[in-house]
Amino acid sequence: MQTINLTQKFSLFQEQWRPKVVARLNGQEVKLIKVQGVFPWHTHAAEDEMFLVWRGEFRVEFRDRVVRLGPGEMVVVPAGVEHRTAADEEAEVLCFEPAGVRNTGDIQDAQFTAPQGVAL
């Protein structure tokens, strides 16, 4: 059991859209992600995803609406719901999801599909 300093962990990397695992529990991973720009549309057939904004402004776009989040705000995207994420300026986000989930879900993308399980 060790304390995790999120500010310090976010300072260890610069890559955007490349999740970094900082904790594992009950088959779940807690991932840190720096984001800017627009991520591709995708779904996760069997997994929910939770996004919690640490720093900046972040949005989760659905085909029928947009959820805008600021620091301390979160949203859960249910399994099977098509979505994409975006940030006009760089934001820092925590993502909670089952271990082994591909960040681009049902699509493979040369630019955005990240290696799985990269830990800090």
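Filter region 1-49 for residues that are exposed (fewer than 11 other Cβ atoms within 10 Å of the Cβ) and either in contact (Cβ under 8 Å) with a residue 40 or more places away in the chain or among the acidic types (D, E) (or both) and give the result.
Once the filter is applied, which keeps residues that are exposed (fewer than 11 other Cβ atoms within 10 Å of the Cβ) and either in contact (Cβ under 8 Å) with a residue 40 or more places away in the chain or among the acidic types (D, E) (or both), region 1-49 yields L12, G27, A45.
Pick from region 51-68 the residues that are assigned to a strand (DSSP E or B) and touching a Leu at 6+ places or on another chain (Cβ under 8 Å): which of them is surrounded by the most Cβ atoms within 10 Å (Cβ to Cβ)?
F58
Run down A114, A110, A87 and say which single residue is assigned to a loop (DSSP other than H, G, I, E, B) and within 16 Å of V35 (Cα to Cα).
A114 is the lone residue from the list that is assigned to a loop (DSSP other than H, G, I, E, B) and within 16 Å of V35 (Cα to Cα).
Every read-out reported here was derived from the displayed coordinates using simple, explicitly stated rules and does not represent laboratory data. The structure presented is a predicted model; accordingly, all values stated were derived computationally and were not measured. Glycine gets a Cβ as well: all are built from the backbone with ideal geometry, and neighbour counts include every protein chain shown.
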